[in-house]
Amino acid sequence: MPSATSQSVAAPRIAQALAEVGLDGVGNQVAGTLSGGQKQRAALARTLLRNRPVLLLDEPFSALDDETRTTIRNLVRTLTLRHGWHTILVSHHADDVAALASRRYRLEQGHLQAG
């Protein structure tokens, strides 16, 4: 269990990460009460806290409605650019790939192909 000191040090970082992904004020909510878009934002906040250079996304927008999908996709793009992440996106949705990818690869009959 984290000490009170480590929690007090972490609290500002957590609040900053939640604010950066648009989840101000929901830090005490139970995960099960969050919407799909809020859950995706929470996952991105965890990524910010871990401060890793690579983000792996496997069909990250598949459970979202079109409006939320676009909003979260734009947020991923913004965070990727702002934090210098290298993002690997696995998706069946060409629009997601087009919006986020600088390079594209596809899997054809078990072989990875550029384009």
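How many of the residues making up segment 25-36 are in contact with a Leu (Cβ under 6 Å, 6 or more places away or on another chain) and either surrounded by 15 or more Cβ atoms within 10 Å (Cβ to Cβ) or at pLDDT 85 or above (or both)?
Filtering segment 25-36 for residues in contact with a Leu (Cβ under 6 Å, 6 or more places away or on another chain) gives 27, 36.
Keeping just the survivors that are either surrounded by 15 or more Cβ atoms within 10 Å (Cβ to Cβ) or at pLDDT 85 or above (or both) gives 36.
Counting residues in segment 25-36 that are in contact with a Leu (Cβ under 6 Å, 6 or more places away or on another chain) and either surrounded by 15 or more Cβ atoms within 10 Å (Cβ to Cβ) or at pLDDT 85 or above (or both) gives 1.
If you go through segment 2-16 one residue at a time, do you hit one that is buried (at least 19 other Cβ atoms within 10 Å of the Cβ) and either modelled with pLDDT of 90 or more or closer than 24 Å to Ser102 by Cα (or both)?
No: zero hits.
When only residues in segment 62-89 that are under 21 Å from Leu48 (Cβ atoms) and aliphatic (A, V, I, L, M) count, which is surrounded by the fewest Cβ atoms within 10 Å (Cβ to Cβ)?
Among those residues, the one meeting the criterion is Leu81.
For segment 56-68, give me the residue count where each residue is in contact with a helix residue (DSSP H, G or I) (Cβ under 8 Å, 6 or more places away or on another chain) and in a helix (DSSP H, G or I).
Total meeting the criteria: 1.
Which residues, taken from segment 90-115, are in contact with a Lys or Arg (Cβ under 8 Å, 6 or more places away or on another chain) and closer than 21 Å to Val54 by Cβ?
Start the filter on segment 90-115 by keeping residues that are in contact with a Lys or Arg (Cβ under 8 Å, 6 or more places away or on another chain), which leaves 96-97, 99-100, 112-115.
Within segment 90-115, Asp96, Val97, Ala99, Leu100, Leu112, Ala114 meet the criteria.
Give Arg46, Arg106, Arg41, Arg77 a once-over and let me know the one that is assigned to a helix (DSSP H, G or I), over 20 Å from Ala15 (Cβ atoms) and charged (D, E, K, R).
From the options Arg46, Arg106, Arg41, Arg77, the qualifying one is Arg77.
The values are calculated or read from the model by the stated rules, or taken from the named source; none is laboratory data. Predicted model, so just to flag it, every value in this text is computed and none were measured. Glycine also receives a Cβ, built like all others from the backbone with ideal geometry; neighbour counts cover every protein chain displayed.
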